[in-house]
């Protein structure tokens with residue numbers, strides 16, 4: 001992910017899941033070890049859209065949806081896919097055999113967090129710091145065909161979210177998947193986000 005996306009994710013995580021709406025740009029620059037100009041670059045489009053109100057050295061989130069949809073439309077998940085492969089296993093078997101330190105996203109996240117998924121799905125998406133470990137785990141089951149495991153590169157700050165991805169991260173990942181049924185999963189994540197803010 002781009003550095004500005006790390007900022008958008010942080011703002012959304014804190015404002016949606018912790019109800020923190022006020023931020024200091026210098027603190028974000030220090031937290032992510034990036035320049036203030038990079039933070040300002042992240043602020044510019046969401047400020048223009050009315051997602052945040054900037055004053056002095058800080059800013060306040062005024063419309064999380066504008067930030068969320070802006071990120072979703074600018075996310076290029078394809079570039080972050082480090083490994084894709086086809087294995088001769090069911091989705092349930094793949095999910096059950098993911099190695100430790102995997103962060104399920106997309107369909108698997110929805111099933112694990114919310115129970116019965118809104119539609120059947122045939123691929124597992126996850127983040128892992130070492131995609132080779134995922135490949136080793138399924139080496140004996142690799143086959144030709146449509147990929148059903150997608151491993152995305154983690155960023156250095158993902159572990160800071162503990163054992164589960166932020167809802168906003170899953171939303172933008174699903175937004176980037178072209179399967180027709182992805183929209184049903186997006187709806188569940190959006191309802192969960194709205195529920196936290198109601």
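Round to the nearest 10 and give me the degree value, 0 to 90, for the angle of helix 3-12's Cα axis relative to the longest principal axis of the chain. Tilt of helix 3-12: around 80 degrees. Whole-percent P(r), segment 75-192, all Cα pairs, 10 Å bins from 0: 13, 49, 34, 3.
Could you work out how much longer the chain between residue 114 and residue 27 gets when fully extended? Use 0.36 nm per residue separation minus the Cα distance between them, nm to one decimal. Intermediate values should be presented prior to the final figure.
Details: separation 87, 0.36 × 87 = 31.32 nm, distance 3.37 nm.
Length gained, residue 114 through residue 27: 28.0 nm.
Of interest is the spacing of the C-alpha centroids, which for segment 157-198 and segment 51-67 amounts to 21 Å.
Helix 182-197 and the longest principal axis of the Cα set of the chain meet at an angle near 40°. As a rough guide to protection, the peptides 176-188, 4-16 ranked by mean Cβ packing within 10 Å, highest first, stand as 4-16, 176-188. Across all Cα atoms of segment 52-100, the radius of gyration (one decimal) and Dmax (whole number) stand at 19.0, 56 Å. P(r) tail for the chain: Cα pairs beyond 23 Å make up 45% of the total.
Kirkwood hydrodynamic radius for segment 3-74: how many Å is it when counted over pairs of different Cα atoms? Can you show the working numbers first?
Numbers: mean 1/r = 0.0848 Å⁻¹.
11.8 Å is the Kirkwood radius here.
Seen against the Cα atoms of the chain and their longest principal axis, helix 64-74 is set at about 50 degrees.
Using only DSSP helix segments of four residues or longer, with each worth -39500 (n - 2.57), what per-residue ellipticity at 222 nm results for the chain after dividing by its residue count and rounding to 500? Intermediate values should be presented prior to the final figure.
Numbers: 9 runs with 89 residues, N = 198.
Here the helix-only value at 222 nm equals -13000 deg cm²/dmol.
Per-residue extension of 0.36 nm, minus the Cα-Cα distance of residue 101 and residue 198, leaves a gain of 31.7 nm for this segment.
What does the extension gain come out to for residue 181 and residue 143, with contour length at 0.36 nm per residue minus their alpha carbon separation? Walk me through the numbers on the way to the answer.
Details: separation 38, 0.36 × 38 = 13.68 nm, distance 2.48 nm.
Length gained between residue 181 and residue 143: 11.2 nm.
Where a number appears in this text, it was derived from the coordinates with a stated rule and is not lab data. Given the structure is predicted, the values throughout are model-derived calculations rather than measurements. Every residue, glycine among them, receives a Cβ derived from its backbone with ideal geometry; neighbour counts consider all protein chains shown.
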